[in-house]
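Notes follow the structure.
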Amino acid sequence: MSQTSDKQRPTPRAGIMDIEAYVPGKSAAPAGVAKVHKLSSNENPLGPSPKAIEAAREVAAKLDIYPDGTARRLREAIAEVHGLNAANIICSNGSDEILGLLAQTYLSPGDEAVITEHAFMVYKIYIQSAGATPVTVKETDEHADIDAMLAAVTSRTKIVFLANPNNPTGTYIPFQEVRRLHAGLPRHVLLVLDAAYAEYVRRNDYEAGIELVGSAENVVMTRTFSKIGLGGARIGWMYAPTHIVDAINRIRGPFNVNTTAIEAGIAAIRDRDHVERSVSHNQTWLTWLSEELTKLGLRVTPSVGNFILIHFPDDEKYSAAKADDYLSARGFILRRVSGYGFPNALRMTVGTEEANRGVVAALTTFLKS
Ligand SMILES: *Cc1c(COP(=O)(O)O)cnc(C)c1O
């Protein structure tokens, strides 16, 4: 590209052009593939709740009317299901939006925010767009390391982001450890608990963070409808102390959650059967995939989410890149995760029975090729 002087066209604020743009999961296979199984974005193989589909259809006739800017009925439905106070919930256009709003609200240039080695990529993007510096902390065996995170906190730290479970590893840390992290933080540091996969976790020592938010002034929990069947509707939410709700409400877009999202979201969260079916499908097939992939000699990171990180052999012939090409050619679209610090792994969303069996069968022949 030709060099243009600063005065000849608008120039982004300092630091913006240093940000590496987010790369979403692929959705297309090469031409000629009969059936495509998209296993790259952790969507729900059971699709949206049928009740959410119906609600979205019904509201179509009212799309001329602005939504309720406070998404009150959606907040009330969430509050009812999770036993929360609706006044301490903010809904957003996906939880990505709320993560960005938190960064914009609490980070200034020169501040630091702590993230883990294989953290969800959007944290870094939002930290940098607020002009602050991401401080990346080593993990231990692909798990967040609380001692290392605490050691990284300085007088400049304003936010600590923790995805629990994390994407793309699928690992979680027990709630005792989250408490220990919180207890070690100065009270002016905001702890953001990103519980995007909370619905899927079936572990007695796991908690998404509701109780901690209720008892501290510096903890928020973010959630999403995306992984449970409404990725396209873009619905996220945050549960936070009143003073944080008050600050975020000053800068969020006045109609950030659209009418279709509000109605589909209300129907979806009340459809507990659909959530249960989705979670139980995931349990069955996550276990099956872990076992079958391990039998093939592939290492998988132990996951509690709706996806699994598959590591490939050092042998160039059987690398993640080669496996990705092989699978794509057969219609199975997985996620490359080099950008997350895993150059030789692929992340696979737990799919339909057909997709799961298909991937294992394809990898079986790939590893013999
Ligand atoms: C998918 C995901 C999100 C955000 O999803 P939205 O679709 O924006 O709600 C947030 N955090 C993690 C760790 C995720 O994997």
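The values are calculated or read from the model by the stated rules, or taken from the named source; none is laboratory data. Note that this is a predicted model, so its numbers are computed, not measured. Cβ placement follows ideal geometry from the backbone for every residue including glycine, while neighbour counts extend to all protein chains displayed.
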For region 155-189, which positions are of a type in the set (Ser, Thr, Tyr) and within 16 Å of the ligand (Cβ to nearest atom)? 169, 171, 172
Sole miss for residue 7 among (1) touching a Phe, Trp or Tyr at 6+ places or on another chain (Cβ under 9 Å); (2) more than 16 Å from the ligand (Cβ to nearest atom) is condition (1)
Taking the condition of a type in the set (A, V, I, L, M) and more than 22 Å from the chain's Cα centre (by Cα), does residue 289 pass? no
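Per-residue answers, yes or no, for (1) assigned to a helix (DSSP H, G or I); (2) farther than 23 Å from residue 78 by Cβ; (3) free of Cβ contacts under 8 Å to residues at least 40 places away in the same chain:
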position	(1), (2), (3)
148	yes, yes, yes
162	no, no, no
169	no, yes, no
199	yes, no, no
211	yes, no, yes
217	no, no, yes
222	no, no, no
227	yes, no, no
Say we look at region 15-41 and pick out the residues that are of a type in the set (Lys, Arg) and under 23 Å from the mean Cα position of the chain (by Cα); which of these is surrounded by the most Cβ atoms within 10 Å (Cβ to Cβ)? 38
Pick from region 339-369, criterion within 25 Å of residue 200 (Cβ to Cβ) and of a type in the set (S, T, N, Q), ranking: surrounded by the fewest Cβ atoms within 10 Å (Cβ to Cβ): 352
Conditions (1) within 20 Å of the chain's Cα centre (by Cα); (2) away from the ligand (no atom under 14 Å from the Cβ): number failed by residue 144: (2)
Quick check: anything in region 252-267 within 16 Å of the ligand (Cβ to nearest atom), small (Gly, Ala, Ser), assigned by TED's automatic domain parsing to the domain that holds residue 92 and touching a Phe, Trp or Tyr at 6+ places or on another chain (Cβ under 7 Å)? yes
Any residue that is within 22 Å of the chain's Cα centre (by Cα), more than 28 Å from residue 125 (Cβ to Cβ) and modelled with pLDDT of 95 or more - is there at least one of those in region 334-352? yes
Just the residues that are more than 30 Å from residue 349 (Cα to Cα) and within 16 Å of the ligand (Cβ to nearest atom), please, taken from region 223-251. 248
Can you name every residue in region 122-141 that is in a loop (DSSP other than H, G, I, E, B) and away from the ligand (no atom under 16 Å from the Cβ)? 130, 131, 132, 138, 141
